[in-house]
């Protein structure tokens, strides 16, 4: 390996350790997944904070595994290999939830989704938009938001008592709304994650795993929120019975 001082004199790029390379590869995928469109290699390298040659080597490896692809202009975007990997994430939860999501989305004319708990965030695992509507809120798989904002995070907290939550030492306070959601069976939020958007959610207890949330998002609706919340809680209970 070229010493750092020599690398600076010759223009060579120091080699990263295997763990650093892995971390950079994962970071590259996270950046691409969050980007609104394809990125050039230079843009991706800047976002990663690495030399362009380093980014290029990482991208070649990811490209070999179809985790990313390049278009005709050489710009980079997520590849089909990511979809294959995503199918295996919480596979049982996805399978059990899909019929309930479809029923909720079409009967309520709202986007329905399952959010899972990841450290300090909620991540959308799977989503269904209503079949016949052009004015719903998009909620794409992989979307993340802080767990301490929005109905899904409240619902996830409500699956646990405040004492149980505190024992996990997450560093995130137990919201008072979670205690209320625990009593009612569902949570509600407005204007917390996206301005003007409301959400209702119910916890889904996953055997051997962290709780998830079944949720809907909408801008306005003629449905009674309590009736919608009850419907979501009933769907969540059916999902839990499938997972048991």
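Miscellaneous remarks
- Helix 225-243 and the long axis of the chain differ in direction by around 70°, with both axes built from C-alpha atoms.
- Value of [θ]222 nm, deg cm²/dmol, for the chain, DSSP H segments ≥ 4, -39500 (n - 2.57) each, nearest 500: -14000 deg cm²/dmol
- When you restrict to C-alpha pairs under 8 Å that are six or more residues apart and normalise by the size of the chain, the relative contact order lands at 14 percent.
- For residue 95 and residue 121, the FRET efficiency from 1/(1 + (r/R0)^6), where r spans their Cβ atoms and R0 equals 25 Å, is about 0.60.
- When the alpha carbon coordinates of the stretch 41-118 are projected onto the principal axes, the ranges are 50, 28, 24 Å, largest first.
- For the chain, a Gaussian network of Cα nodes joined below 10 Å ranks 20, 103, 157 by mean-square fluctuation, and the top entry is 20.
- Acute angle (nearest 10 degrees) that the helix 91-108 long axis makes with the longest principal axis of the chain, alpha-carbon atoms: 60 degrees
- Per-peptide average of other Cβ atoms within 10 Å, ordering 70-78, 211-219 highest first: 211-219, 70-78
- The stretch 119-244: C-alpha pair distances exceeding 18 Å, %: 51 percent
- q = 0.09, 0.17 Å⁻¹: log10 I(q)/I(0) that the Debye formula gives for the chain, counting C-alpha atoms only: -0.48, -1.18
- Reciprocal of mean inverse Cα separation for the stretch 8-84 (Kirkwood radius, Å): 12.7 Å
- The distance separating the Cα centre of the stretch 183-244 from that of the stretch 106-148 comes to 11 Å.
Every number here is computed from the coordinates shown, using simple stated rules; none is lab data. Just so it is clear, the model here is predicted, and its values are computed rather than measured. Reconstructed Cβ throughout: ideal geometry from the backbone, glycine too, with neighbour counts over all protein chains shown.
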